[in-house]
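Written out below as structure tokens is the structure these notes cover.
The values are calculated or read from the model by the stated rules, or taken from the named source; none is laboratory data. Quick caveat: nothing in here was measured; it's all calculated off a predicted structure. Here the Cβ positions follow ideal geometry from the backbone for every residue, glycine too, while neighbour counts run over all protein chains shown. Keep in mind that these areas ignore ligands, DNA and RNA; they rest on the heavy atoms of the full protein, side chains included. Shrake-Rupley method; radii C 1.70, N 1.55, O 1.52, S 1.80 Å.
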Amino acid sequence: MEFDLIIRNGVIANASDVITGQEVGVKNGKITCIGFGLPASDSTSVIDAEGGFITPGGLDSHVHLQQWNTPTGDTWETGSRSAVCGGTTTVIAFASQNKQHQSVLPVVNDYAALAKDNSSCDYALHLIMTNPTPTIVNEELPFLVKEHGITSVKLYMTYDAMKLRDREILDIMVATRRLGMTTMIHAENHDMIELIIETLEARGQTDPYYHSVARPQLAEAEATYRAIALSEMMDTPILLVHVSSEAAAKHIRDAQTRLLPIYGETCPQYLYLLSERLKGENFEGAKCVCSPPLREKPEDLDHMWTAIANGTFTTFSSDHAASKFNIEGGKRLGLVNGRPFFKKIPNGLPGLETRLPLLYKGVQEGRITINDYVRVACSNPAKLYGLHTKGAIMPGYDADFTIWYPEGKMKPFELTNDMLHHDIDYSPFEGMTFTNWPRWTILRGKVVWERDEGGFVAKRGGAWGEYVKRGSSTLRGSRNVFVNEWRPPI
Ligand code: URP
Ligand code: ZN
Ligand code: ZN
Ligand code: ZN
């Protein structure tokens, strides 16, 4: 057997197992063999992992790039570059419908055109639906599943520009159930938040910190349970995105215990950052405004780690939704006549490149196992979103890898923003110390990041990043179990 690439001396980690003493053989972008003493020919590249972990390439299934609501954020070029430099080989980003759009087909084509030939990693798209007309739901969704491999939608229960009523969510669920799609839900109670914001503003409490006061855990927990109830009634799988609080995670866990197809996602910011970060001098708090907001207490962070380790969280993604802090002309978004106005601060943090190193830190600190890492950062996102050749190191799968340093080999460093490859002027994780980082990132057999030598080596021009048409979820879906004798329309 001939190989294009052999990775030797690594510890292969999958979601279920850790394999030592074996080598990985790659041919034509696919893993073709895992075995002992694989033969190298003159044309074989060999990587010596020196005892470090070889994990499947990271799959970031929640990324916002070039959306209309992040005009100062990353492009596909800078975002995907940043992704691979942090070990991620596939991103799923959003095509986002505006309420005015009467058809989502041009929307999807426009977003796909932005990514095409500009991505250094493989990519796929979810659809954000904000105006589910009967034509879109009944005719366009089936077309998108079949022709574009878009097998998931994201729905919002909050934000004036995006929010759907429960009835609209239910109508969409009839279609997603029929089509075997995964429905992602941003769950926060809009009316609670709106009332709190109005009263805070009337009292002059408009600093960035009040963003966190305006969106209490209770608002997240209520909407999370409501989304679960809608899903249960419709017998349709959902994923609660960017879960930030124990109360919401508990609802998800209770539903899972009852075998409902309820999935959860959390993000690095909810493992490391607290709402005190919103209090910085000179409007610095604006750098950490995301929704749901950072929570109050160190225990809140511990609960999120626990929910990864005990399986409540299915996926771990960045929710990269970046905006520059200082924009051209000396301006800052969220300042109105020089005064902070938290409602005007773009929501979302940069995090594509730091996602995997931050999760790996949890492995080093014994909070989660390397298998947990692979499960939430690679395998489950692949299964839930129908990327059937990604997320595992097995013959037949795409040769996407993140290779880590053996412990003790990398010189520890304190993160500064200039080490990162995004086009954002800060990282909320600056100042943190890292003792490991992706040493190599490999996309379908090609090295796209080598930290010690060439750095970022993927070419611009999409030569390497390809659009992936997705299939259906292979995690538990509709079960034909109903709340009473009523059945959803088929
Ligand atoms: O604050 C966040 N998460 N902004 C990005 C958009 C979203 O809701 O995911
Ligand atoms: Zn409103
Ligand atoms: Zn969201
Ligand atoms: Zn998001």
On the first, second and third principal axes, largest extent first, how far apart are the outermost C-alpha atoms of segment 1-42 in Å? 32, 19, 12
Amide H proximity to VAL46 below 5 Å, modelled H, separation 5+ or other chain, gives ILE6
Probe radius 1.4 Å, ligands and nucleic acids ignored: give me the carbon and sulfur share of the accessible area of segment 292-336 as a rounded percent. 53 percent
Computed magnitude of the charge dipole of segment 151-232 (debye, nearest 20; Cβ of K, R +1, Cβ of D, E -1): 400 debye
How large is Rg over Rh for segment 102-173, taking Rg from the Cα atoms and Rh as the Kirkwood inverse mean of 1/r across Cα pairs? 0.99
When the Karplus curve 6.51 cos²θ - 1.76 cosθ + 1.60 is applied with θ = phi - 60°, which whole-Hz ³J(HN,Hα) does each residue of segment 379-388 get, with x for Gly and Pro? 6, 5, x, 5, 6, 5, 9, x, 9, 6
Rolling a 1.4 angstrom probe over the protein heavy atoms, how many square angstrom per residue are accessible across the chain? 38 Å²
Antiparallel bridges, percent of DSSP beta bridges restricted to the chain (to nearest 5): 45 percent
Cβ-derived FRET efficiency at R0 45 Å, LEU218 paired with GLU485, nearest 0.05: 0.85
Which angle from 0 to 90°, rounded to the nearest 10, does the C-alpha axis of helix 166-179 make with the longest principal axis of the chain? 30 degrees
Using Stokes-Einstein with the Kirkwood hydrodynamic radius over Cα pairs, what translational diffusion coefficient do you get for segment 410-488 at 37 °C and a viscosity of 0.692 mPa s, in µm²/s rounded to a whole number? 190 µm²/s
Segment 161-212: trypsin sites (Lys or Arg not before Pro) in DSSP loop, at most 14 other beta carbons within 10 Å: ARG165, ARG203
For segment 36-160, which whole-number percentage of the solvent-accessible area (1.4 Å probe, protein heavy atoms only) is attributable to carbon and sulfur atoms? 53 percent
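Divide by every residue of the chain the summed helix terms, -39500 (n - 2.57) for each DSSP H run of at least 4, and state the resulting mean residue ellipticity at 222 nm, rounded to the nearest 500 deg cm²/dmol.
My calculation for the chain gives -7000 deg cm²/dmol from helical runs alone.
Ranked highest first by the average count of other Cβ atoms within 10 Å around their residues, in what order do 318-327, 70-79 fall?
Going from most to least packed, we get 318-327, 70-79.
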Round to the nearest 10 and give me the degree value, 0 to 90, for the angle of helix 217-234's Cα axis relative to the longest principal axis of the chain. 80 degrees
Dividing the Cα radius of gyration by the Kirkwood radius, what Rg/Rh value follows for the chain? 0.96
Between THR416 and ARG167, how many nm apart are label points set 7 Å from Cα along the C-beta direction? 5.8 nm
Consider all pairwise Cα distances in segment 341-490 and report the whole-number % of them above 23 Å. 53 percent
Percent of Cα-Cα pairs per 5 Å bin, from 0 to the last occupied bin, for segment 137-253, please list those. 2, 11, 20, 19, 17, 12, 8, 6, 3, 1, 0
Among CYS267, PRO142, GLY396, whose Cα projects farthest towards the positive end of the dipole of the chain, with charges put on the beta-carbon of Lys, Arg (+1) and Asp, Glu (-1)? PRO142
List, largest first, the extents of the alpha carbons of segment 269-337 along their principal axes, each in whole Å. 48, 22, 14
If a paramagnetic tag sat 7 Å from the Cα of ARG258 along the Cα-Cβ line, which residues of segment 471-490 would have the backbone N under 12 Å from that point? 482-484
Length gain on complete extension for the stretch VAL174 to LYS343, per 0.36 nm per residue less the alpha carbon to alpha carbon distance? 57.5 nm
Checking segment 409-486 for GluC sites (Glu not before Pro) in a loop per DSSP with at most 10 other beta-carbon atoms within 10 Å yields GLU453, GLU485
Express in nm, to one decimal, how much length is gained between SER41 and LEU195 on full extension, taking 0.36 nm for each residue of separation and deducting their alpha carbon distance. 48.6 nm
Theoretical FRET efficiency, 1/(1+(r/R0)^6), r = Cβ-Cβ of HIS101 and LYS30, R0 41 Å, to 0.05: 0.60
Linear extension gain, PHE143 paired with VAL18, 0.36 nm per residue minus alpha-carbon span: 41.0 nm
How large, in Å, is segment 1-158 by the Kirkwood hydrodynamic radius built from its alpha-carbon pairs? 18.3 Å
